[in-house]
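Here the structure comes first, spelled out in structure tokens, and everything after it is commentary.
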Amino acid sequence: MALNLRQKQTECIIRMFNLNQPVNPSGTANEEVYKILIYDKFCQNILSPLIHVKDLRKHGVTLYFLIDKDRKPVHDVPAVYFVQPNNPNIQRIVADASRSLYDSFHLNFSSSIPRPLLEDLASGTLNSDSIHRISKVHDQYLEFVTLEDNLFSLSQKSTYVQLNDPSAGDKEIEDIIERVVNGLFCVLATLAAVPIIRCPRGGPAEMVASALDQKLRDHLLSKNNLFSEGGGFVSSFQRPILCIFDRNFELSAGIQHDFRYRPLVHDILGLKLNRLSVPGEKGGMKSFELDSSDPFWMANGSLEFPEVAVEIETQLNKYKKDVDEVNKRTGGTAGAEFDGTDLIGNTKHLMNAVNSLPELTERKQVIDKHTNIATVLLGEIKERSLDAYVKKENDMMVRGGIDRNELMSVLKGKGTKIDKLRFAIMYIISSETINPSEAEAVEAALRESEVDTSAFQYVKKIKSLNVSLASANSASRSNIVDWAEKLYGQSISAVTAGMKNLLSGDRQLALTRTVEALMEGKPNPEIDSYLVFDPRAPKSSPGTSSSHLKGPFKEAIVFMIGGGNYVEYGSLQDLAQHQQPAKQVIYGTTEILTGMEFVEQLSLLGQKMGLGSSSAAASATH
């Protein structure tokens, strides 16, 4: 497939290690030149899923430090800096240069450095007479974290809260939108792709799409732009489509429990940057990496948990069989007469056995790792009745409600406080009409379990606004101040509109269904009102669609503003693989959130609106 984000980002980083010179044919930086790598916390997170510490040596990096740590001078060695372009980092670089910590400084910024900061850097190094030490300054456009080939995050914390905060002013909203646009621009620059942009009308999605369109247009005007290698005359059907959504488009996907392996591991065990820690069998914590180097994770991430348990068992039996086979071959045949031919045969078997040992050992490590993870998950599932939560939430979404006794038995049953809160919010989202006495009972049950109800009340409030705002005039939609309220209106109705057929059959999310329609490009009432932006086309009124923008598209980038999750990622990958011929969908988001982390953001918004019982807030997370 044409868009390999992980590979492209890794190539940029290796070129950076090679002091921004072309790399060897083998794809490694020149290891003859020893270098020191200095990064900040954000750039460490960019590097960590892509390059293992043991691989740094291959690229000639012998020492690596965080920029804010005290460091001793190392002479005759170039230093590669990889940091965000912000004031504290610039001040630190100037201080390092003035102390002549390193022989030469190769500065790489994760995104484009603003002019005022560049001037601070120049004047600071000039004043300390150390400007000759600065060899090069590069804008790398790498300000995003790629977790898998088709998964990235901008690592921008609490965007959902900031965008939906009732007290947020125009300036703050615009700053957040600009940050998101810059992050998306970095992704597109790394892919060297100028997409056709589609988004629903109104809200943050339109704001991001429109600002990104403008940024790409401005950039394409310059002679040596980042997209010129793609050629200006690439025909439209080879361009990807970028579909931008806002978390409120489908709130439920950020809250619901899921029973598939990848979402479970993330939600329950807190997978971060492809790493997690679980309690080991003999006490203590064990750390594991789950990325593309783990064949079991890649093959079975989208399976339901019981199927994964069966698969682990199957792999273990296959491994045992292969080990027996090796033992049988190398053990010699008992009681047979010894002759020369047997010696030659036996030597061959021994050689084969020795060669197959590393592969067998590796397989065993993978099996042990997933056995360990699955055991911990199983413990959590039993203790919290997570299977029941998954089933009942799905039933609620399909039926548009739940029997009152069933609802209460879940809220008074097993599960953590957050599990119950998530379930209660799913009840609010899935119910077509809210029965006030039932909602009261749910709230009382939550309080009884000492759960902070502000998130529940927040979603309930949005839902009631939704009813009263349905008839609101959309003419003033461009006004950011009342946009927040309109957004609530638009959001939940979009969520509930698709509920009926949301989980019938293959349990397709509204997001996935919409992306499928956008990629097909056929007339469809669900998406006919969506805006279209083509940064390569002459500027016309936004949202006007000419025939060449319709698709079908082979590649899509789907971006969720306000927090994404592995449920949506898995659903979109299933969609891409089941298409004939297979298509490619890259999923990105401002940050990847567990159900608990997202509900905490909802609680915060509830408290900002003066809802809920904040006294229980402290204990709600336990």
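The values are calculated or read from the model by the stated rules, or taken from the named source; none is laboratory data. Predicted model, so just to flag it, every value in this text is computed and none were measured. Using ideal geometry, Cβ is built from the backbone for each residue, glycine included, and neighbour counts are taken over all protein chains shown. Side chains included, ligands, DNA and RNA excluded: accessible areas come from the protein's heavy atoms. Shrake-Rupley method; radii C 1.70, N 1.55, O 1.52, S 1.80 Å.
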In sequence order, calculated HN-Hα J values of segment 180-189 (Karplus, 6.51, -1.76, 1.60; Hz; x Gly/Pro): 5, 4, 4, x, 5, 4, 4, 4, 5, 5
Could you state the number of Å between the C-alpha centres of segment 294-326 and segment 48-69? 33 Å
Is there a quick way to get the dipole size of segment 251-306? I mean about its Cα centre, with the Cβ of Lys and Arg at +1 and of Asp and Glu at -1; what is the value in debye to the nearest 20? 140 debye
So for each of 442-451, 305-314 I average, over its residues, the number of other beta carbons within 10 Å; can you give me the resulting order with the highest mean first? 442-451, 305-314
Between Ser112 and residues 5 or more places away or on another chain, which pairs have amide H atoms under 5 Å apart, with H built 1.01 Å from N, and which residues are they? Tyr141
From the backbone phi of segment 383-391, what are the Karplus-calculated ³J(HN,Hα) couplings (6.51 cos²θ - 1.76 cosθ + 1.60, θ = phi - 60°) in whole Hz, Gly and Pro given as x? 5, 9, 6, 5, 4, 5, 4, 4, 5
Tally Lys/Arg at +1 and Asp/Glu at -1 over every other residue whose Cβ is under 13 Å from the Cβ of Phe42; what's the total? -1
First compute the accessible area of segment 168-281 with a 1.4 Å probe, then give the percent of it belonging to carbon and sulfur atoms. 52 percent
Residues with beta-carbon under 9 Å from that of Phe305, excluding Phe305: net charge, scoring Lys, Arg +1 and Asp, Glu -1? -2
Under 5 Å between amide H atoms, partner at least 5 residues away or on a different chain: which partners does Val532 have, H built in plane at 1.01 Å? Gly543, Thr544
Keeping all protein chains in place, calculate the accessible area per residue for segment 18-82 (probe 1.4 angstrom), answer in Å². 53 Å²
So, in Å, what gap is there between the alpha-carbon centers of segment 561-616 and segment 98-143? 37 Å
Under 5 Å, built H, 5+ apart or other chain: amide partners of Gly564: Thr590, Glu591, Ile592, Leu593
Can you give me the % of accessible surface on segment 362-440 that is carbon or sulfur? Probe 1.4 Å, all protein chains present, nothing else counted. 51 percent
